Each structure stands twice: as structure tokens, then as C-alpha cells.
Amino acid sequence: MSKVHVQTTINGDQVEFLCVPQQTMLEALRDVLGKLGTKEGCGTGDCGACTIMLDGRLVCSCLMLAAEAEGQELTTIEGIAGPDGLHVLQRKFLEHAALQCGICTPGFIVAAKALLDRNPNPDEGAIRYWLAGNLCRCTGYDKIVRAVQDAAKELAYQA
Amino acid sequence: MAEAVDLRVVGTTPVRPDGVDKVTGRAQFGADLNMPNMLHGRILRSPHAHARIKRVDLSKALAMQGVYAAVSGADFPMLASGEVSGEAGGDLADIARNVMARDKALYHGHAVAAVAATSLEVAEQALDAIEVDYEVLPPVLDVLEAMAADATLLDEQCFTKGLSETPDKPSNIAAMVKLARGDLEAGFAAADVVVEGEYRIPMAHQGYIEPHACTATVNEEGKATVWCCTQGHFDFRTMTAHILGCKIADLKFIASEIGGGFGGKTVVYLEPVAVMLSKKAGRPVKLVMTREEVFRATGPTSGSVVRVKVGARKDGRITAAKAWLAYEAGGLAGAPVGPGVMSIFAPYDLDNFLVEGYEVLVNKPKVAAYRAPGAPQSMHAMEVALDDIARQLDMDPLDLRLRNAADEGTQAPYGPKFPPIGFKACIEAAKKHPNYLAQVPEGAGRGVAAGFWFNIGMQSSAEVRINEDGSVVVMEGNPDIGGSRASMCLMAAETLGVPYEQVKTYVGDTESTGYCMVTGGSRTTFATGMAVVRACEDIIAECKARAAATWGVDKDQVEWQDGTAVPAPGVNADVNPLSLADLAASASATGGPILGKASLNAQGAGASFSINFADLKVDKETGAVEVLSYTAIQDAGKAIHPAYVEGQMQGGAAQGIGWALNEEYIYDQDGVMENAGFLDYRMPVASDLPMIDTEIVEVPNPSHPYGVRGVGETPIVAPLGVAANAVRDAIGIRINDLPMSPPRILAALDAA
Amino acid sequence: MARVVFPEHLLRHTGGQRELELFVDNYRELLAVLEERWPGIRGPLNKSAVAIDGQIYQGAFLEPVHADSEVFFMARIEGG
Ligand code: FES
Ligand code: FES
């Protein structure tokens, strides 16, 4: 089968790769591009472990075809920390013990960042509904929600 | 127990040492290893729930371009039944037959063959080319029907274990367990109220977000290296060696980071297959399950039918209790009916009781451990019965439990007298809790239930090394599922008297550290923690000896204070205290690198009790249940890192709520699970839950240097009863069966 | 004398006897005495857990058994 040539931007880097037409973006990230921070929990769009940002939109990379990345800008967990170190959300997840096993964490952090980018001051309900596409089996969500609340507070203070 | 000493770092909540890698995507989980020249494996699974396998022909698959290996049951040695897999328990013959079916497929999804090929696509095509002849047999799906004398047999060699005499006929009942005390008849005769019920709970899955994954590579000398997500790589190594008939020394297991397990990753599924494929192919082989495979072929925990009858006097004192348990084992034996029997009455001081449990084979996946295995199912029934008694006596449900609560010296239903335990302390804490003192919100209902788990100790090893600059490396062998590296660092820092930041904990592979039994049974902080503390004490003894040599005094003239060797009081030596860094710097002159080690079989794990309560609201139009508030109170003995203890309590509560309200294996009549995905197997999401309030009670376990009991499992036990009792309170109707999903609640409302 | 109690699943090895009292110094001796009395019981006992004076051991060996000790055999516990 002939492969598709894709040119895209991932975490600010220009990236070119080849993929088979039916390959998902998750597979391309993990198997072709070696970006293993994005996780697979289900492959069917139900767990959010594979969450990435596509031109400012939140998507499950397991439901997106790799070929659709052509000309777009993607952000993965590897692109969340900046040159100055961890993003506030990452720090708050650590401080609040908002991860136990940590397999869901990349997806939650990408999703929470998308939330705070659009709504810097979400209430608890808004956080819970926004993150309802991300499954965590370990924490019961309590500490995750608190970490996001605290990150929002700190970001508001900085702004 | 180092009682009432001032602890400097134990009990604080620093950031875990592996944290940064886990929030940045650096941490490597089971599916994150790719090796050069690696092949991809796939497993062929039975399309039938019950079938004789008459023939497996791999030849067409093997002939395909890009296919390097194919295996079926015939490639694996047959194991004699009765070989128990080390401390992790279970009959190895059953585990082996679960890894790869031999003569029979025992559930839909049972592994029948496997291939390794250059890509996943080729591997998938090769599965289609494998020919299997099945003789399809009627599936046995209902636990009570499976117990009937004329039931279709899953295993003609299954003779019930645990009876006083071995039965002369085989059956689907794999084992029977019984506990009894006192005079049941007299007990019930003395009762003013007697309640009775039958409670059914279907199978439920652990639901870890990371599917099973492993990569194996076997070289031409037959030496295998296996990288996998596991709760215990040492026990995985033992099981794999037995199942493949190879030497333990030929296997090296490396535990990746693990994306949740809850008991489901204490047993091998993929590893022996990956090793076998790699050996045949001469190349590394990676096997990763899909979510659907995880549901169909791993986990779950037993579905159950539990019958309970409890009698009590007007003052609330229980006079007699009787229970009958039937637990589904799945297609092969191994249901947790023993702990189900031993735990059902454990929180209570009972004079007269009888409990009988049966482990039953059905054509469903072989069950695996799930958090406090066996306890939630049986204790749900008891906690519901107690709720009914409290209602009939018009008594506060906490008072009823306090009236009967086990305490230090109470003879546990499973035999021994309890050492100090914290059940009463939990009940007292609940009675004073602001959430309990608050009014139940309008239209809602409140439920109360107790939880319990034994906890275990067992074998662990730890090594502590001092670097040249005095920094500390702790090596142990328990995969870190929920922050255990942080707990080890805290205990090491506390014992050595150094700052937390000076210590780093690593999880070694099977060749770089000594044996540690699985991360399970809530044992890691207790048992491996104890080994770490002992290894640190070894370091202190060594440091004192070196300080003594440096100063030219006797060893017993040196004391260890705040990470520093100082002369003992009254010792008249004009010397400067030596810190760990000083001693490390001069190590070459005093005997070489400083190393401490300990290995032990930790005894005296302390039982952990809990009380949970919640306010729930039922939407009478849709049958949906809203959790308004949830409070979990549990005795941790001592919380080393309280935030991770709270996390265990919150996570267990969420799992238990999911089990009570929505999660279940749904089967069609052919024994095919109909909801093998996260969309239809509905686990709680963030918007389903409120904040989960926690209160940690600390009644120290005298057997641990810091009083630790182990906390990981108890949290899942109480929520089932809590939810059942709260729904009863909210709608005035008792729903005996779980899950209380919207259709079941609507049906109950309609019937009323 | 130490009191030793057997659970249901071991009764087939003890001819139905639920408990007995005897003098031993430690668990190893206890096992030897029981094996002498009921040949073949050692295997199943080794697969059981044992509680000596309330303390549960999985794989006891040299643990002391006192004159007033209570020894309960029980099923082993694993866990998730
Ligand atoms: S892996 Fe994409 S949503 Fe689960
Ligand atoms: S921390 Fe384990 S799934 Fe979220």
C-alpha cells in the first residue's frame, strides 16, 4: 500500500512523516515519531489517554487519522513544559498528588490546559464536565480537580 | 514500634521522585518499549464460550510473508495441577491453561494461538490464516445453574476441594470453604429481629487504564529479557519459568511503569507467549492487548450470589449470623471465596455464626485478584442486612455497628484474636464527622457501611547505597503503582535522619535487587517499607562503626543523631560530628563504599477497617443516581505519605461506587460479553462524582517500625453497601442486586 | 499447653478433630508433632497461614509457641 506523506507542526517543530492511510494519529505519534508520552487506553475514543491538541481543539488522537495532521499544528504532552520548566498544571498535579499510576496524566494535563486556555476561571462543575472524557481509575478525580483549580488560581494571579 | 517519637518527614506530603517524568510523558509504561528488529505479536482468541479444541493448524499462517513465529497450546508443556506459583498463589496448571488453551476453550476470548510478524497488520492477517476446529459445547453461564447436579461440566477432573471427603463425582464446584462458631439455632432463637436476603452481583473489571503489554527478547543462548507492566516482576518470572519449563536464571524481568493494576496485573497473560514467540522467531516480540481483549480475557472479579440471615436483640446486639456464598471462578479455578468467607463477618464480634462458600466454574474469564479480593461481594450482603436491622430497630446504623464492633482481643471469625485494630475508632470518627452531623439533603438518602481487609506482609528485600556525596539510593523490587517510591524515600529519610530530597528510590529488575513479592495485598509500604527501614538501620550501624574507627573509640561510644555520627553522651572525645556526607567522603579509607541491606518475610500485617457514608439522590424519571457527598474514614495505622493514603481511599471509593451503580459484565446467551469497551462498561468519570472527603484514623500497627497497616484494598469494600443503603434510604425500596443502574432502579420503582 | 485449632478444610487430615492441646517450643516443633500424629498433614499446613497469639504468619518457622499460646490455622490471604 502506498504511504501518505504528511507535513505538520508538532510542539512547534516542523515534522514530516509517512503513514498508511488508515493509520491513526496516535499510532503515528507513538510508532512512527517516537512520541510515547501520548498513551493508549482504549483506541476507541472513550478514555482520553491519547488526548492532544489540534489547532487549539482537543482531540482523541486515536480517533484522528494521521493524514489529517497535514498542515495543522499539534500539541502533545511533550510540548506542555516550557523552557522555564514545568507548566503550572504539571506542578500542581505533582503538589496535589493528582496522579497515582500516572497513565492518565498526560491526557488530563493536555485536556486541562485546553480548558484553562479557554476558561481561566472554571468552577468545579465546569472542570468536572470538561474532563469527563478522560478516565482515571486510580484517583477518584478529587485531587485532579483540586490541582486544576489551584493551577487556575495561580495562573490568574500571574496574569 | 517506635512509639510517640517525633517524626520529621514521615507524615509529610512531598512530591514523589518519579513525578516529573509522569507529568511530562517521559515515564515508560508497558507499551512504551520498542526494540531494534522487533516483531509484533497478536493472539487468536476463541469465538466460543465453551468448546473442545480438536485441531489447530498454524501452517498457513507460518507460510505467510512476514510471519516469523506461531504457537498454540501444543507448544507449551503440560503442567501437573497442584503446583502453586510461589507466594502469589493460584494453581500454575490453571494459570498455564489460561495463558494458552490446550484441549478446551473455556470462555469467549480464551487464547488459542499466537503469531509474531513484521507488523501488526501482517500479524492480524496471519490470525485469519490459522485454522481451528472446535466442537462447540453449551456454555455454562449462571452460577446457580452451574452448581446443579446435571450441569454441563467445564472440567471432568474437577472434584470439589475442601470437603471432608473427596466427592466421587466431578462437578463445577471447584472448592468449598466453611467457618462456624457457636450455636446458630440458639442464636436465632434469642433474636428479636431476623433479616434475610439474597444478593447478586455480576462480574466487574479492575478497569486499569493501561492495557497489558510486554516485549520479550530471547537470544541464541536461550536467555530471555522481558519488559512488561506488572504488579510483581519476580512472581511473573517464577510463573513464566514454570509455564515454559525453563530455568529462572534464564529469565530477566524488567518492570515498566505500571498504569494501574488493582490486582489484575498480579498474574501473567502475555509474558510466556511473548517469550515463546521470540524464541521461535529469534527476534524481539511485542505483545499489547486491545481494550477489548483486556475485558474479554483478563481480570475480572467474581460475580456472586450471597445469601445472608442475621438476627439481633432489641438493643442491637447480633445473636446469630449465617451466610452462603457462591462465587464465579470463570473457566478455571481461582475465585476469592476463601477471603469472602473470612471477611464477611470480620468487623463484628459474633458468638454464633456459620458461613459457607462455594467456588464455581462458569464459561467466563478466569477471575483475577481485584482490590480486597472477595470481600466487597460478601460484605455488601452483611452491610445491607445490618442496615435492615437498624431500620427495624430504629437505631442509628453507626450505633448498631458500634454495638457489635470487633476490638483488640475479639476473636476474629477466621480464628485468631485481633491485635490492636481501629474499627471502633473509625465509627467514633464517623459519628463526630461534620458530614454525618449534617442533615441529609432534601430528597436524598444516606447510606452507611463498614469495610475491612486483612492485608499481608510476606517477602521483601531492599538495599540502600550511599553515594560519594552522602546522597542515598534505595533499591527495592516493588513496581510503584501509586507513589510507593515516595513512601520508601520518606521512611529511609526518617530512619537515616536526612532530608527527603537526599534520598532517591529505584525499582530494580529481577537481577539488580532481591526478591520482592507482588505489589498487592496492601503490602508494599508495610513489608518492603520494613525492609527499607531495616536496610537503613544496617547503614547506621555501619556508619557508627566507621565513625568509631575514625575517632579511635568503641562502636558503642557512637550515636546516630539527625543523620550524623556523634560521640555518645559522657564520651570524652574531642571530635567533630560526622555527617553521612563526611562518612561517604572518607569511605575509601574506612572500608569502601557504604552499603546496607535487608531481606525479610514480614509478619504481622495489620487489618485495616473503615466506615464510609454517602448522601445519594435518585432521579425518579431516569433512574440515575447522583452522588451528593461521600465520606471515607479508614484506619491506616500510620500514614507515611497522607496524600497518597487519601488517594487510595478516594480511588477505592470511586471504584466501589462504579461497581455499585453501573459496572457489570453483560453476557448474551452464547456467553459473549456484550459490553467489552469503556463506552458500555461504564466506569465513573469526573462529572459523576463529587469531592470525596477522607479522614485518616491512625491506630498504629505494633508490628511495623512506623505503625503502618497497609491501606490500598479496604477502600473498595464499603462503597457497595453504602450505595445500596443510601438508595434504600432515598427511594424507600430495597434493591438487593448490583449494579443499581438506571434500568434496574426504574424497574424497582415501577414494581413498587 | 498451647491450644491448636484447625479450620474446616484441614479436618479431613485430622480425622475430624477440631482442636488439641500440646507442649512445644516453636512452630517447627509443632509441625513435627502434628505430622507425627497425622502423617501427610504437613503439606496442607505449609499451604495455610497460621495465627499465633493473634499475629498472622504466612510461612512461620521458628516463631515461638508458648504454653498459653493460641494457634489457629487459616487459609492464606493474597490480595490485589
Ligand atoms: S486511547 Fe484514545 S480515547 Fe482511549
Ligand atoms: S492515575 Fe492511574 S489512571 Fe489516573
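Here, each number is a calculation from the coordinates, and none is a lab measurement. In this text, all values refer to a predicted model and were calculated from it rather than measured experimentally. Using ideal geometry, Cβ is built from the backbone for each residue, glycine included, and neighbour counts are taken over all protein chains shown.
Assorted remarks:
- D (Stokes-Einstein, µm²/s), Kirkwood Cα radius, segment B:232-310, 1.306 mPa s at 10 °C: 108
- Segment B:170-319, Cα convex hull volume normalised per residue, Å³: 188
- Applied to segment B:331-339, the Karplus parametrisation 6.51 cos²θ - 1.76 cosθ + 1.60 on θ = phi - 60° returns per-residue 3J(HN,Hα) values of x, 9, 4, x, 6, x, 6, x, x Hz, with x for Gly and Pro.
- Anisotropy class of segment C:2-75 from Cα gyration tensor, a/c 1.5 cut: rounded
- Cβ crowding within 10 Å, taken as a proxy for footprinting-reagent exposure, orders A:Trp130, B:Trp453 from fewest neighbours to most as A:Trp130, B:Trp453.
- Electrostatic dipole magnitude of chain B [Cβ: Lys, Arg +1; Asp, Glu -1; Cα centre; debye, to 20]: 680
- Computed extension gain for B:Gln669 through B:Glu442, at 0.36 nm per residue and net of the alpha carbon distance, reaches 77.5 nm.
- In terms of other Cβ atoms within 10 Å, B:Val717, B:Val672 run from fewest to most in the order B:Val672, B:Val717.
- Ordering of B:362-369, A:141-148 by packing is B:362-369, A:141-148, highest average first (other Cβ atoms within 10 Å, averaged per residue).
- Derived from the Cα gyration tensor, the three semi-axes of the equivalent ellipsoid of chain B are 42, 38, 22 Å, largest first.
- Taking every alpha-carbon pair under 8 Å whose residues sit at least 6 apart, segment A:4-79 reaches a relative contact order of 40 percent.
- Within straight-line reach of B:Lys247, meaning a Cα separation under 23 Å, sit the following lysines at least 8 residues removed in sequence or on another chain: B:Lys223, B:Lys265, B:Lys279, B:Lys280, B:Lys286.
- When you count the other C-beta atoms within 10 angstrom of each residue and take the mean per peptide, B:400-406, C:22-28 line up highest first as B:400-406, C:22-28.
- Working value for segment B:660-752: equivalent-ellipsoid semi-axes of 33, 20, 13 Å, each the square root of 5 times a Cα gyration tensor eigenvalue, largest first.
- For chain B, the cysteines with no partner cysteine C-beta closer than 4.7 Å are B:Cys158, B:Cys229, B:Cys246, B:Cys426, B:Cys489, B:Cys516, B:Cys536, B:Cys543.
- Exposure proxy order (Cβ contacts within 10 Å, fewest to most) of B:Asp619, A:Asp150, B:Asp168: B:Asp168, B:Asp619, A:Asp150
- With contributions of -39500 (n - 2.57) from each DSSP H run of at least four residues, the per-residue ellipticity at 222 nm computed over chain B stands at -8000 deg cm²/dmol.
- Along segment B:634-640 the Karplus relation, 6.51 cos²θ - 1.76 cosθ + 1.60 evaluated at θ = phi - 60°, assigns HN-Hα couplings of 8, 7, 9, x, 8, 8, 5 Hz to successive residues, with x for each Gly and Pro.
- In degrees, nearest ten, helix A:105-118 long axis to first principal axis of chain A (Cα): 70
- Spin-label model, B:Ala541/B:Ala74: points 7 Å from Cα along the beta carbon direction are separated by 5.8 nm.
- Computed across segment A:4-79, the Kirkwood radius stands at 11.9 Å (inverse of mean 1/r, all Cα pairs).
- Using only the C-alpha atoms, the convex hull of chain A corresponds to 106 Å³ per residue.
- Taken over the protein assembly as shown, the ratio of Cα radius of gyration to 2.2 N^0.38 Å equals 0.93.
- At least 24 Å along the helix axis (C-alpha) and Kyte average at least -1.0, DSSP helices within chain B: B:375-393, B:529-551, B:642-661
- Between the residues B:Gln502, B:Ile318, B:Met673, the greatest Cα displacement towards the positive end of the dipole of chain B, with unit charges on the Cβ of Lys, Arg, Asp and Glu, is found for B:Met673.
- With the Kirkwood sum run over all distinct C-alpha pairs, segment B:328-369 has a hydrodynamic radius of 11.5 Å.
- Peptide B:672-685 has a mean shielding of 3, counted as Cβ atoms of other protein chains within 10 Å of each residue's Cβ.
- Prolate/oblate/rounded label for segment B:469-610 (Cα gyration tensor, a/c 1.5): prolate
- Note on the protein assembly as shown: with charges restricted to the Cβ of Lys and Arg (+1) and Asp and Glu (-1), its dipole about the Cα centre is near 760 debye.
- If you look at the Cα atoms of segment B:97-246, you get an Rg and a Dmax of 22.8, 74 Å.
- Rounded if a/c under 1.5, otherwise prolate or oblate - segment B:295-347, Cα gyration tensor axes: prolate
- Cα-based equivalent ellipsoid of segment B:395-541: semi-axis lengths in Å, sorted from largest, via gyration tensor: 40, 19, 15
- Dipole in debye (nearest 20) - segment C:2-75, about Cα centre, beta carbon charges: Lys, Arg +1; Asp, Glu -1: 360
- Average beta-carbon neighbours from other chains, 10 Å sphere, peptide B:642-652: 5
- Report note on the peptides B:441-449, B:199-207: ranked by the mean count of other C-beta atoms within 10 Å, highest first, their order is B:199-207, B:441-449.
- For segment B:391-474, pairs of C-alpha atoms spaced more than 21 angstrom apart make up 55 percent of the total.
- Per residue convex hull volume, Cα atoms of segment A:88-158, in Å³: 71
- Counts of other chain beta carbons within 10 angstrom of each beta carbon in peptide B:415-425 average 4.
- Once you divide the Cα radius of gyration of segment B:539-585 by 2.2 N^0.38 Å, the number left is 0.97.
- The Rg/Rh ratio of segment B:596-705, with Rg taken over Cα atoms and Rh as the Kirkwood radius over Cα pairs, comes to 1.11.
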